[in-house]
Amino acid sequence: MRGEFITGTGTEVGKTVVAAAIARTARMTGARVAVFKPAVSGLDEYPLRPETWECAAELPDHVLLRLAAGSSQADDEIAPYRYGPPVSPHLGAELASEPIDPDRLRGAALEATEGADLLICEGVGGFLVPLTTDYLVRDLARDLGMPVTIVASPGLGTINHTLLTIEGVRDAGLQVGRVVLTPWPEAPSLLEVSNRETIAELGSVRVEMLFHLDLTAPERWPAIGLSEPERRLRAA
Ligand SMILES: Nc1ncnc2c1ncn2[C@@H]1O[C@H](COP(=O)(O)OP(=O)(O)OP(=O)(O)O)[C@@H](O)[C@H]1O
Ligand SMILES: [Mg+2]
């Protein structure tokens, strides 16, 4: 499967922002981009908003990803499992009395790629979040086999979280395409610069930075291409 899997050091670190920027960049180069997110929770907290850039900051993940990718996928095709309460997917599934079926996820991700040049898949929370008690985000990433981008915060605590995630991704037999630190401040402190350098060195990984984006003004977003190893793969 061509594309990228976007995970993070945890929830609310900026996965959707990064995935949307990658999806939009690919779309702007003419690629047909499909997006996928195995499960979305917390929909109760989102007011109904039109799917427009004006409302981008208030859209749930699967909707913002669709907008950024310029995709016409239906909700079900992007995020097969959607829950109202803001809970881990396995608990959301329990509360909805409908267990998550890994086969359905794999099938839906594969279907999403039909007619698309690449797939941008956002995980849920961090890398070891359970989709079911015995099928984690890691297992879906492994089934899809795409390089993994790890999204992390630039500040205190990020070295440990990021190195643990790098280790987890590599232990799963997957390639870490890069780490993206977000939102990267205009005037980074000594700590933030040191975090970036330390993660690059100890993780033997490429570290990119993403400045704060105005979600409602995508024309001002920087271009973020696919990560290096994947670009080489596509060129081959
Ligand atoms: N570069 C950035 N520019 C603007 N906002 C950012 C940036 N990075 C992170 N944020 C903000 O951080 C918050 C979390 O971002 P986001 O929703 O992308 O996280 P997430 O990891 O996808 O969360 P979840 O686990 O809920 O899927 C949002 O309010 C988002 O706007
Ligand atoms: Mg998200």
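The values are calculated or read from the model by the stated rules, or taken from the named source; none is laboratory data. All of these numbers come straight from a predicted model, not from anything done at the bench. Don't worry about glycine lacking a Cβ; one is built from the backbone with ideal geometry, like all the others, and counts go over all protein chains shown. Surface areas here come from the heavy atoms of the whole protein model, side chains and all, with no ligands, DNA or RNA. Shrake-Rupley method; radii C 1.70, N 1.55, O 1.52, S 1.80 Å.
Quick one: how many residues across the stretch 11-56 are among the hydroxyl-bearing types (Ser, Thr, Tyr), outside any helix (DSSP H, G or I) and within 13 Å of ligand 2 (Cβ to nearest atom)? Walk me through how you get there before you give the answer.
Restricting attention to the stretch 11-56, the residues satisfying the condition of being among the hydroxyl-bearing types (Ser, Thr, Tyr) are 11, 16, 25, 29, 41, 46, 52.
Retained after the next criterion (residues that are outside any helix (DSSP H, G or I)): 11, 29, 41, 46, 52.
Filter once more, so that each one left must be within 13 Å of ligand 2 (Cβ to nearest atom): 11, 41, 46.
Count: 3.
Considering only strands (runs of 3 or more DSSP E) fully contained in the stretch 78-175, which possess at least 1 residues that are among the hydroxyl-bearing types (Ser, Thr, Tyr)? Steps first, please.
On the way: elements: 118-122, 130-132, 148-152.
Strands (runs of 3 or more DSSP E) meeting the threshold: 130-132, 148-152.
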Can you confirm whether the stretch 171-190 contains a residue that is crowded, with 18+ Cβ neighbours inside 10 Å and acidic (Asp, Glu)? no
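Looking at the stretch 107-120, is at least one residue charged (D, E, K, R), within 27 Å of His161 (Cα to Cα), buried (at least 16 other Cβ atoms within 10 Å of the Cβ) and in contact with a Lys or Arg (Cβ under 8 Å, 6 or more places away or on another chain)? Steps first, please.
Within the stretch 107-120, the first condition is being charged (D, E, K, R), and the residues that meet it are 111, 114, 117.
Subset that is within 27 Å of His161 (Cα to Cα): none.
Within the stretch 107-120 (the criterion being charged (D, E, K, R), within 27 Å of His161 (Cα to Cα), buried (at least 16 other Cβ atoms within 10 Å of the Cβ) and in contact with a Lys or Arg (Cβ under 8 Å, 6 or more places away or on another chain)), the answer is no, since none of the residues qualifies.
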Is at least one residue of the stretch 16-37 more than 9 Å from ligand 1 (Cβ to nearest atom), open to solvent by less than 10 Å² (accessible area, probe 1.4 Å) and within 22 Å of Thr132 (Cα to Cα)? yes
Neighbours by Cβ (under 8 Å, 6+ apart or cross-chain): first from the stretch 175-203, touching a residue at least 60 places away in the same chain (Cβ under 8 Å); second among the aromatic types (Phe, Trp, Tyr) and open to solvent by 50 Å² or more (accessible area, probe 1.4 Å): Pro183/Phe211
Taking the condition of being within 15 Å of ligand 1 (Cβ to nearest atom), surrounded by fewer than 16 Cβ atoms within 10 Å (Cβ to Cβ) and without any contact (Cβ under 8 Å) to a residue 40 or more places away in the chain, how many residues in the stretch 59-95 meet it? 1
